[in-house]
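What follows is a set of notes on a single structure, which appears directly below.
Computed from the coordinates by the stated procedures, all read-outs in this text should not be read as laboratory data. Just so it is clear, the structure is predicted and the values come from calculations on it, not from any experiment. Positions of Cβ are backbone-derived with ideal geometry, glycine not excepted, and every protein chain shown enters the neighbour counts.
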Ligand SMILES: Cc1ncc(C[n+]2csc(CCOP(=O)(O)OP(=O)(O)O)c2C)c(N)n1
Ligand code: SF4
Ligand code: SF4
């Protein structure tokens with residue numbers, strides 16, 4: 001890891017994340033995936049929105065855009081369309097990606113443009129002090145829900161699939177090596193990829209919901225995650241309260257920048 | 001084998017101490033990472049993989 005930090009991080013550590021925050025682990029999994037694939041650092045762009053998680057782009061030594069809250073995907077779409085040769089990786093949070101950015105999320109998935117989105121799901125708005133997000137489980141405490149949340153949470157993986165994403169996976173900060181693997185597969189996939197990275201916010205989600213310290217929250221991820229393969233052998237009762245990790249969905253569909261090149265070619269022929 | 005710690009990066013979350021299978025690590029009076037007994041280390045790198053702050057690295061020799 002030390003060599004990877006030298007190569008892929010900007011010399012501005014320590015980072016600002018709280019003690020025990022999972023964001024550092026998820027970020028290193030992204031870097032390990034990039035390194036494993038041997039991506040050209042000068043041909044890889046990282047785009048993020050706003051939030052604790054989105055802060056990751058500022059630590060990484062690539063061309064990066066720390067954009068606006070909820071708007072990472074339109075910015076990334078523009079970059080990818082301008083130069084489809086680039087590997088464009090998007091870092092977003094559950095608030096950034098599914099609340100303010102929810103509309104961009106479904107439509108970018110629908111286009112099946114070749115972007116890799118890593119959504120850091122800590123079930124809360126960390127940066128602004130613990131408000132609930134569309135991925136906060138029902139009945140959780142948040143500063144905006146002192147008596148518990150009433151709303152049902154999205155299953156962002158199911159939502160991505162329904163919206164047209166052609167690669168959908170989930171990992172956790174605890175299963176860090178597996179997270180590297182599902183991110184690498186997402187980057188290699190030619191189409192819109194969503195990787196939900198379940199991570200801990202011990203400070204806001206953890207404290208308000210009595211989830212224990214960072215180590216305890218990591219153990220909770222360990223104890224509640226079931227691999228896709230293992231889940232096949234379990235009954236619905238046995239899967240109660242668990243969540244699946246691994247590659248959840250993969251399919252083929254025309255990729256947007258290639259379709260767009262087709263339009264350019266046709267228009268240029270017509271002009272002659 | 002060598003364990004390298006970076007005090008400037010450590011925020012004392014204790015994750016490495018919890019997940020080290022051999023009780024090699026601890027936190028000092030200031031709440032920063034300290035090596036209790038390096039001879040017990042099996043270089044599994046659990047600590048390095050889990051540290052959210054890039055404050056501990058283990059080299060296999
Ligand atoms: C247009 C706009 N509205 C609101 C905010 C305030 N704001 C900053 S981060 C954030 C929520 C971030 O939540 P999430 O994406 O879950 O990231 P986390 O901090 O939990 O990693 C909000 C509401 C903003 N920066 N810009
Ligand atoms: S508020 Fe939560 S998400 Fe933000 S840095 Fe702290 S622990 Fe991490
Ligand atoms: S490498 Fe393994 S045994 Fe050695 S200090 Fe780290 S966690 Fe403990």
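In table form, for the structure just shown:
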| quantity | calculated |
| --- | --- |
| Least to most buried among B:50, A:55, A:207 (fewest other Cβ within 10 Å first) | A:207, A:55, B:50 |
| Gaussian network model of chain A, springs between alpha carbon atoms under 10 Å - residue of A:230, A:72, A:56 with greatest fluctuation | A:230 |
| Percent antiparallel among DSSP beta bridges (both partners in chain A, rounded to 5) | 20 percent |
| Peptide-level mean, for A:208-221, of C-beta atoms on other protein chains within 10 Å | 2 |
| Sequence-separation-based contact order of the stretch A:1-92, relative, with Cα cut under 8 Å and 6+ spacing, percent | 30 percent |
| Rg and Dmax of the stretch A:104-170, Cα atoms only, in Å | 13.7, 41 |
| Ellipticity estimate at 222 nm from DSSP helix runs (n ≥ 4, -39,500 (n - 2.57)) divided over chain B, nearest 500 | -3000 deg cm²/dmol |
| Contact order normalised by residue count of the stretch A:2-268, Cα under 8 Å, 6+ apart, percent | 19 percent |
| Relative contact order (%) - chain B, alpha-carbon pairs under 8 angstrom, separation at least six | 45 percent |
| Mean residue ellipticity (222 nm) of chain A, computed from DSSP H runs ≥ 4 via -39,500 (n - 2.57), nearest 500 | -10500 deg cm²/dmol |
| Among A:44, A:98, A:27, residue whose mean-square fluctuation peaks in a GNM of chain A (springs only between Cα atoms under 10 Å) | A:44 |
| Cα gyration tensor of the stretch A:2-268 - equivalent ellipsoid semi-axes, whole Å, descending | 29, 21, 18 |
| Over the stretch A:1-68: Kirkwood hydrodynamic radius from C-alpha pairwise inverse distances, Å | 12.3 Å |
| For A:233, B:4, B:32, order by how many other beta-carbon atoms lie within 10 Å, fewest first | A:233, B:4, B:32 |
| Burial ranking of peptide ranges A:118-125, B:11-18, A:180-187 (average Cβ count within 10 Å, highest at the top) | A:118-125, A:180-187, B:11-18 |
| Fewest-first ranking of A:172, A:199, using other Cβ atoms within 10 Å as the exposure measure | A:172, A:199 |
| 10 Å Cβ neighbours from other chains, averaged over peptide B:8-16 | 5 |
